Each structure stands twice: as structure tokens, then as C-alpha cells.
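One structure is given below, encoded as C-alpha cells.
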Amino acid sequence: MKKSANLKNFILIAVILISNMSNSTGQAQVPEVLQSGSMEEQLDYIQERTRIYENFRAIREDMFQLVKNNSLDSLNQVKADIRELAVQLEEKDRNMDSLNMQLAGVREELNLAVENRDRLFFLGIPMQKSGYNLLVWSIIVGLSLLFVLGLLIYLRNRAVTVRTLKDIDEIKDEFETFRKRSRETKERLVMDHFNELKKYKNSD
């Protein structure tokens, strides 16, 4: 009896060990899709290879843990990607704000350049280009009129001077002629007086 009971116990232990070894060997063999496949492929594999009994799905523990870890890894990776995208988006927003500020500065400089291009300074007074041009042309026209007026006055004065010099020359000629005639007349009178005196003495 004792040998029979020991035999039964040995057989039972051997069956349990073989069963455990079989389970361990089966669990060690994890499909490739659960290791390198996408989450959709892994879930499709679990759905196709597991059985449903009374609305419960039977799944091996090692496969469940692997899919769970893969899911958590994928979720953590997605969260990390979201955080990275948020950082990139924040960086892009800062860059956009900086570019907008630079653009506003460039527009202000452009407006100032256009304003300065259309504005000139005359004697330190800021003036619009149209007003400056009008002032410059007014000055040019005024100076031109003054030049023409001065030229006309010069020509008139020159003509008067030439005519006056001519008149003076004529007066000089007349005076010289008059002086010669006066001298001749005086000399003739003196001779006549001398002759009269001589006649008077001879008559005595």
C-alpha cells in the first residue's frame, strides 16, 4: 500500500512538473508580433488568438503583461511626443512673436524712411518735399527776376553813361573850339588895339 501510495504521489508530482514545464515553455515562446508589431497589430493578434468563454476572454499572463507594457510604452512615447510638440509650439510662438516685433520695427523704419525721403530740411526747418521744391523754385525764379532786372538796370545805366561821356566829349570839343576862337578873338583885338595906338602915335 505504501509503495502504491508513493508511486501515485511520484506520478502526480511528475505530472505537475511536466505541466509546469510545458506551461513555462509555452509562455517563453512569445509571438514576434507582440514584440515588434504596432499596437493595432498586437491587439488584432490577441483578438484572433484568444477564446471567449461566457463573455470573458482568456489571455496568457505573459502576453497580457507584454501588451500592457507595450501599451504603456506607446502611451508614454505619445505623451513625450506631445510634450516635445508643445515645447516646439511654444518655441515657434516665441519665434513668431519675435518675428512680429522685428516686422513691426522694420515697418516703422520703412515708414520713417519714406517720411524722411519726402521731407527735407531748409535752414533747420523740416519741410515736405513738395513745399521744399516750391520754395527752391520760387527762390530760383526770384533770383532770375532780380538778375534780369539788374541786367536791365546795368544796360540802361551803361547806355546813360555812354551817352553822358559822348555829351562830355562834345562839350569838351565845343569848349576847345570856343577857347580857340576866344584866343584868336583876343589876339585880334590886341593887334587891332596895337595898330590903333600905332596909328594914333603916327598921327601926332
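Readers should treat all values here as calculations from the given coordinates under stated rules, not as data from a laboratory. Note that the structure is a prediction, hence the values are computed from the model and not measured. When we count neighbours, we look across all protein chains shown, and the Cβ atoms used for this are built from the backbone with ideal geometry, even at glycine.
Tabulated results
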quantity	calculated
Ile171-Glu196 FRET efficiency (beta carbon distance; Förster radius 25 Å; 0.05 resolution)	0.10
Inter-label distance for Ala86 and Arg57, nm, one decimal - labels placed 7 Å from Cα along Cα-to-Cβ	3.1
Stokes-Einstein translational diffusion, segment 77-204 - Kirkwood Rh over all Cα pairs, 1.002 mPa s, 20 °C, in µm²/s	84
Net lengthening on full extension, Leu66/Glu40 (0.36 nm per residue, minus Cα-Cα)	8.0 nm
Rotationally averaged projected area of segment 129-203 (alpha carbon convex hull; nm²)	5.6
Under the Karplus curve 6.51 cos²θ - 1.76 cosθ + 1.60, θ = phi - 60°, whole-Hz ³J(HN,Hα) for segment 131-146, x wherever Gly or Pro sits	x, 5, 4, 4, 5, 4, 5, 5, 4, 4, 5, x, 5, 5, 5, 5
Debye intensity ratio in log₁₀ form over the Cα atoms of segment 63-118, taken at each q of 0.16, 0.17, 0.25 Å⁻¹	-0.67, -0.70, -0.90
Distant-in-sequence amide H partners of Arg60 (H built 1.01 Å from N, under 5 Å)	none
